[in-house]
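Enquirer: Below is the structure I would like to discuss, written out as structure tokens.
The values are calculated or read from the model by the stated rules, or taken from the named source; none is laboratory data. None of the values given here were measured: they were computed from a predicted structure. Cβ atoms come from the backbone with ideal geometry, glycine included; neighbour counts cover every protein chain shown.
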Amino acid sequence: MRHNDPVSIWGLVSQETENYYNDLVEREVDLAIIGGGYTGLSTALHCAEKGLSCHVFEAKDIGFGGSGRNVGLVNAGVWLLPQEVNKILGEIQGKHFLTQFSRAPEYVFSLIEKYRIQCEVARTGTIHAAHSLKGYSNLKLRKEEWDRLGEPVDLLSREEMAAYSGSPAFCGGLLDHRAGTINPMAYCRGLARAARAAGASISCQTPVSKLERNASRWRVITPNGEIMARNVVIGTNAYTDELWPGLRRSIATLPYFQIATLPLGNRIKTILPKRQGLWDTGKIMFSLRRDISGRLIIGSMGDLLGSSKSGVSCQWARKQLCRLFPGLGPVEFEQAWQGQIAMTSDHLPHVHKLSENLYSAIGYNGRGITTGTIFGKALAGLLTGEGAETLPIPTSQLNNFKGFRFKAAFYRIAFAGNQLFKSI
């Protein structure tokens, strides 16, 4: 039963069925989790397996936010070069962070296998594509550091990149063998199924309107009633609202749109034949991947302008596919959608201790699948007695992303201009 219009193509084609959960809410739980995406559901799964009673509150439906609108790239590392991570965190903490994020795709795939999540897994890597010679130089720097850390990445020449992507348009690429692609909504629904099987409960269409400290408990208030919780985790990332003062202002949200073609069959047999997803090194990044049914899904930074049938974004997508694959011919689009990316001022994700027994993981900078999953696991460890040093990154205080509204508005204008220019 569907309570909202599909948020992306991923929900329509998911082998994991959509479920509207309205579980009985206990009067008191060990943990209340706000947000039914990767972070919240991973936290619920890992906490329930450790014996904690936990309840997930989702304002809409499972995967409604960034999780169900994701590109579906299961990437290692983060937005930054590994060298820059070490500069920000220091050599010791940086190595700890990079190690955990290097192993993150493998952990995601292990959960998929363990819980038999049907999410179109392709463990063939992902490709960072060089849009220019300058972009290729950047990939060389990444390759050097990953080599130093002993990670399996290959620098692709222009010719190799053409063979992997099916397009002569790139100057080269970086193939990351740790990574892969999935149906992101199916993975999210699978996590929800696994969490409930482990003992967690979930309420959809139940936004949390207020949090109040009451002695040693948190009073979690919703339009459908309230509960008392020993601990609270806010896992709403780019869809964070004003529930907790200052949390929303610690990030800047940027739009990202995607458009999926109808299944193209043998027409795309040479395009990403091993189903690696790719994204490019351009300042206004674009992504491209294919699904198991032969659709091409192309996207870029910016708002969706129009629909899958007409408008600027639709025309942009046609032009880009024609540029990349001159022999592809005309295409029709099946669905278009957009989501939000939570950016931080240092381009690193953060775990905030907002108050006593109140935590938030936020600012995934476009790496939601792996970051949400391993942060959920780490928070479960923290709440069950593991030291804070086991977190991928130390807990931090809220930091206002100064001028984020101005920057976000400027970027949106630039993104729209880019679409208009490239759709002509």
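Enquirer: With respect to ASN365, is the statement that it is within 21 Å of PRO349 (Cβ to Cβ), out of contact with any strand residue (DSSP E or B) (no Cβ under 6 Å at 6 or more places or on another chain) and not in a helix (DSSP H, G or I) true?
Expert: Considered against the rule, which asks whether it is within 21 Å of PRO349 (Cβ to Cβ), out of contact with any strand residue (DSSP E or B) (no Cβ under 6 Å at 6 or more places or on another chain) and not in a helix (DSSP H, G or I), ASN365 comes out as no.
Enquirer: Let me ask another. Is it true that some residue in region 395-405 is at pLDDT below 95 and closer than 18 Å to LYS283 by Cβ?
Expert: no
Enquirer: Between a first residue in region 300-314 that is without any contact (Cβ under 8 Å) to a residue 40 or more places away in the chain and assigned to a loop (DSSP other than H, G, I, E, B) and a second residue that is surrounded by 15 or more Cβ atoms within 10 Å (Cβ to Cβ) and not hydrophobic (A, V, I, L, M, F, W, C), which pairs have beta carbons less than 7 Å apart while being 6 or more apart in sequence or on different chains?
Expert: GLY306/SER313
Enquirer: State which residue pairs qualify: first residue on the phi < 0 side of the Ramachandran plot and inside region 159-185, second residue among the hydroxyl-bearing types (Ser, Thr, Tyr) and part of a helix (DSSP H, G or I) in any location, beta carbons under 6 Å apart, and separation of 6 or more residues or different chains.
Expert: Cβ pairs passing all conditions: CYS171/TYR136.
Enquirer: Residue check: is ALA260 among the aliphatic types (A, V, I, L, M), touching a strand residue (DSSP E or B) at 6+ places or on another chain (Cβ under 6 Å) and buried (at least 20 other Cβ atoms within 10 Å of the Cβ)?
Expert: Yes.
Enquirer: Being surrounded by fewer than 18 Cβ atoms within 10 Å (Cβ to Cβ) and either under 30 Å from GLY381 (Cβ atoms) or modelled with pLDDT under 95 (or both) narrows it down to one residue among LYS210, LYS269; which is it?
Expert: Criteria check complete, one pass: LYS210.
Enquirer: Filter region 237-257 down to the residues that are of a type outside the set (A, V, I, L, M), surrounded by 23 or more Cβ atoms within 10 Å (Cβ to Cβ) and in contact with a strand residue (DSSP E or B) (Cβ under 6 Å, 6 or more places away or on another chain), then identify the one that is farthest from GLU212 (Cα to Cα).
Expert: The selected residue is PHE257.
Enquirer: So, ALA104, is that one at pLDDT 95 or above, buried (at least 22 other Cβ atoms within 10 Å of the Cβ), small (Gly, Ala, Ser) and over 27 Å from ILE284 (Cα atoms) or not?
Expert: no
Enquirer: Take the conditions more than 22 Å from TYR164 (Cβ to Cβ), among the basic types (Lys, Arg) and in a helix (DSSP H, G or I) and apply them to LYS143. Does it pass?
Expert: No: the conditions fail for LYS143.
Enquirer: Exactly one condition in (1) more than 22 Å from the chain's Cα centre (by Cα); (2) outside any loop (DSSP other than H, G, I, E, B) is not met by THR371; state its number.
Expert: Checking THR371 against (1) more than 22 Å from the chain's Cα centre (by Cα); (2) outside any loop (DSSP other than H, G, I, E, B), the one that fails is (1).
Enquirer: Starting from residues that are of a type in the set (A, V, I, L, M, F, W, C) and surrounded by fewer than 20 Cβ atoms within 10 Å (Cβ to Cβ), keep the ones in region 125-154 and report whichever is farthest from LEU98 (Cα to Cα).
Expert: Only one residue tops the list, namely LEU133.
Enquirer: Hey, another quick one. Can you go through SER307, SER287 and tell me which one is surrounded by fewer than 22 Cβ atoms within 10 Å (Cβ to Cβ) and under 19 Å from the mean Cα position of the chain (by Cα)?
Expert: So the residue among SER307, SER287 that is surrounded by fewer than 22 Cβ atoms within 10 Å (Cβ to Cβ) and under 19 Å from the mean Cα position of the chain (by Cα) is SER287.
Enquirer: Something else: Please list, ordered by residue number, the helices (runs of 4 or more DSSP H) wholly in region 21-120 having 2 or more residues that are among the polar types (S, T, N, Q) and over 27 Å from SER203 (Cα atoms).
Expert: Output list reads 82-89, 91-114.
Enquirer: For SER216, are the conditions met, namely being surrounded by fewer than 21 Cβ atoms within 10 Å (Cβ to Cβ) and of a type in the set (Gly, Ala, Ser)?
Expert: Against the criterion (surrounded by fewer than 21 Cβ atoms within 10 Å (Cβ to Cβ) and of a type in the set (Gly, Ala, Ser)), SER216 qualifies.
Enquirer: Would you call THR390 β-branched (Val, Ile, Thr), under 21 Å from TYR107 (Cβ atoms), at pLDDT below 90 and surrounded by fewer than 20 Cβ atoms within 10 Å (Cβ to Cβ)?
Expert: yes
Enquirer: Please determine whether any residue of region 323-343 is modelled with pLDDT of 95 or more and part of a helix (DSSP H, G or I).
Expert: Checked region 323-343: at least one residue is modelled with pLDDT of 95 or more and part of a helix (DSSP H, G or I).
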